[in-house]
1. How do the peptides 86-97, 253-264 rank, highest first, by the average count of neighbouring beta carbon atoms within 10 Å per residue?
2. With label points built 7 Å along Cα→Cβ from the Cα atoms of ASP36 and LYS190, find their separation and express it in nm.
3. Quick check for you: with a 1.4 Å probe and neighbouring chains kept, what is the accessible area per residue of the chain, in Å²?
4. Report the full-extension gain for the segment ILE260 to VAL127: residue separation times 0.36 nm, less the Cα-Cα distance, to one decimal in nm.
5. Can you give the calculated 222 nm mean residue ellipticity of the chain, where each DSSP H run of n ≥ 4 adds -39,500 (n - 2.57) and the sum is split over every residue, rounded to the nearest 500 deg cm²/dmol?
6. Could you check how much of the accessible area of the chain is carbon and sulfur, as a whole percent, using a 1.4 Å probe?
7. Hey, how much of the P(r) for the range 305-358 falls beyond 12 Å, as a percent of Cα pairs?
8. Rounded to whole Å and sorted largest first, list the principal axis extents of the Cα atoms in the range 62-125.
Amino acid sequence: MAKKKKRSLLLIFLGYSCVYLDKTIIGMSIIPMAHDLGIDASQKGLILSTFFLGYTLFQIPFGYLGNKLGSRKILIFSILLIGILMLLLGFGFSLLYVLVIRFCAGSFAHAGYPSAVSGFITKEITVEERGPVQSAMISSGGFASIVGPLVAAPFLMLLGWKMMYLTYGVVVILIGLLMIKGIPTRYGQKMTSTSGRKTIQIVDVLKDKNVWALLLSAFFMNAAIYGLTGWQASYLVDTFKLTLGQISGLTAAVGVVMMITALGSGVFVKRFFTGREKIFIVVTGVLGALCVFTTSMTDSLALAGLFLALSVGCASCAFSTLMSMPVKLFVPAEVSTKYSIINTAGVAGGFVAPIVIGKLVDSGQGSYTNAFIFIAVTLGLSGLIAAVVTAKKKIEVDYV
């Protein structure tokens, strides 16, 4: 792989880390934010869900823009806007203001990045390496879960959540500027047909059975993952009375598991499950569901931490494998559009889960048992649905 292409992928990884960082630190920052703004559990869920509502609504439009404008432009635009909106969140003064900023972050900043990454990988990376590279990109979620909480906790305790967002916003903008400089303009350009084939139509996309299987699986899997990550900090504080410093250590440890499993699953699947990825997703999804259910049944912090890490690890394996399948199943000109549709359904799961969990916690008078059972069911369903995906021969010509 060319040196400039490796550098580009590293910068895209850092950008993806910024995407996940924004999703990760909200779970911690919402605790002092709720105290300052007088927010209850249901309103916490509303803040988390509003982000995913915007994300859901704008996934498909940004997927089409990625094909029309090229992935490089969408990648850089997304990261710069994430940084700007982090800065604006640092001036948060009311629940309504926070809701508007989080909706804009999901709508215009985050919505385009995942499909643009997939479009970039499909266009610039060989077929054999796409799976591992995509898994490596998704492992940035683990990297963000390690670095984010460890840095966020001291900020939150010493300077407050507003200063934390102001600082993170500046850092993310700097990474966006590095992407402008470091990713050559010849990479990530729009895909053009060399055979006169028309652009894929939405009707053709919706006729593909694999799209439906992947989007349903992604919906339930994201509901489980964002249910876990979004409420993890609140669960540890409310159930075990931990401090933010203690939470940051546990969250970082879970992030290590997430990163290792996402990276390792790409290599493991390539070596042992090529062409049988759905079996791997079913197994890890069901195992993750069992671990989440066990977490809901224990009163021990040590066991809760252990099974929480195992459940996140299994979910990370299943998720990274699931989201690498579009770049293997679909032709290059279809990937950005189909990936955006699949990711839209996945993000919709992230919109539904926080609201449901907030209501379950309130109705259980602060107990998270029913919430974790809900997460276990959604994770298990996601794995089972992936079993209906069928491999088909893919044509690699026509588009460059």
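1. Details: 86-97: 16.2, 253-264: 21.6.
My ranking of the peptides, most packed first, is 253-264, 86-97.
2. 4.2
3. Working: 15610 Å² over 400 residues.
Counting only protein heavy atoms, the per-residue value for the chain is 39 Å².
4. Values: separation 133, 0.36 × 133 = 47.88 nm, distance 2.31 nm.
Value of the extension gain: 45.6 nm.
5. Details: 16 runs with 320 residues, N = 400.
Per the formula, -27500 deg cm²/dmol.
6. Numbers: 11140 of 15610 Å².
Exposed carbon and sulfur together represent 71 percent of the surface.
7. Working: 1033 of 1431 pairs.
Taking all Cα-Cα pairs of the range 305-358, the fraction more than 12 Å apart is 72 percent.
8. Principal-axis extents of the range 62-125 (Cα, largest first): 44, 17, 15 Å.
The values are calculated or read from the model by the stated rules, or taken from the named source; none is laboratory data. Quick caveat, the model's predicted, so the values are computed rather than measured. Backbone-built Cβ (ideal geometry, glycine too); neighbour counts: all protein chains shown. These accessible areas exclude ligands, DNA and RNA; they are computed on the full protein's heavy atoms, side chains included. Shrake-Rupley method; radii C 1.70, N 1.55, O 1.52, S 1.80 Å.
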